[in-house]
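Below: the structure, in structure tokens.
The values are calculated or read from the model by the stated rules, or taken from the named source; none is laboratory data. Predicted model only: the values in this text are computed from it and were never measured. A quick note on method: Cβ atoms are made from the backbone with ideal geometry, for glycine too, and the neighbour counts reach across all protein chains shown. Areas reflect the complete protein model, heavy atoms only, side chains present, ligands, DNA and RNA absent. Shrake-Rupley method; radii C 1.70, N 1.55, O 1.52, S 1.80 Å.
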Amino acid sequence: KKCSTGVENCLKCESANHCNECINNDDDKEYAIIEGDNEHCQDLKTKKYFKDSNNKYRLCEYGITNCDTCEKDRYNILKCLTCKSPYVLVHSDIDECIEEDQVLNKNYFTDEDGNYASCGNNLYHSVENCQTCNDKDTCLTCKSGYQLVNSNLCISNSDLKKNKYIK
């Protein structure tokens, strides 16, 4: 499984250490050249790579900083599956890999599956416009311009002034 130049799993070589096409006759592996690394054919099934908008394969961390494994969802949006150590995955407006000590503040909570999510993200948090929270349904403080009502509702200051809501 070596090209005449020594590049493993390479079918066609351009020069001594430059592969043009990878071998793909192994049921357990799917090889591709990763952008910027024509010296290796990498196994795509490790989920450490994704295809960018130019149809080039790139490391996951190229699309999401500190992301180790990733995949594109059915809408072709890149999703991080795992982060490089010592980072943890946080579901926010976009998936992020951040240092674990950053999620110990109240801007994040742990969901039912043990994943971190942003209090301010309405996809994962049920209290709209929440800034800090204890869990999915309990808000501690609201984003700027909003007031907290009963720990589960953030009302805009303008709506409060119009007496639309009673505390």
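Placing unit charges on each Cβ (+1 for Lys and Arg, -1 for Asp and Glu) gives the chain a dipole about its Cα centre, and among Ile98, Leu78, Ser156 the Cα reaching farthest toward its positive end belongs to Ser156.
Amide H to amide H, with H built 1.01 Å from N, Cys67 comes under 5 Å of Glu61, Lys84, counting only residues 5 or more places away or on other chains. Straight-line reach from Lys106: taking Cα to Cα under 19 Å and skipping same-chain neighbours fewer than 8 places apart, the aspartates and glutamates in range are Asp93, Asp95, Glu96, Glu128, Asp135, Asp137.
The residues neighbouring Tyr49, those whose beta-carbon lies less than 13 Å from its own, together hold a net charge of 0 under the Lys/Arg +1, Asp/Glu -1 convention.
Pairs Lys51/Lys136; Lys84/Lys136; Lys12/Lys45; Lys29/Lys84: which are spaced more than 28 Å apart, C-alpha to C-alpha? Before the final figure, lay out the partial values.
Numbers: Lys51/Lys136 33 Å; Lys84/Lys136 26 Å; Lys12/Lys45 21 Å; Lys29/Lys84 22 Å.
Over 28 Å Cα-Cα: Lys51/Lys136.
Computed from point charges on the beta carbon alone (+1 for Lys and Arg, -1 for Asp and Glu), the dipole magnitude for the chain about its Cα centre is near 760 Debye. Would you please classify the overall shape of segment 58-112 from the alpha carbon gyration tensor, given that a ≥ b ≥ c denote the square roots of the eigenvalues, rounded means a/c under 1.5, and beyond that prolate means a/b larger than b/c while oblate covers the rest? It is oblate, given that a/c is not under 1.5 and a/b is not larger than b/c. Accessible surface of segment 21-68, 1.4 Å probe: 36 percent of it comes from carbon and sulfur atoms. Note that the chain carries a Kirkwood radius of 18.8 Å, evaluated over its alpha carbons pair by pair.
Counting protein heavy atoms only, segment 87-167 has 43 percent of its accessible area on carbon and sulfur, 1.4 angstrom probe. For segment 86-131, rounded, prolate or oblate, judged on the Cα gyration tensor with a ≥ b ≥ c (square roots of eigenvalues), a/c < 1.5 rounded, else prolate if a/b > b/c? Prolate shape, in that a/c is at least 1.5 and a/b is the bigger ratio.
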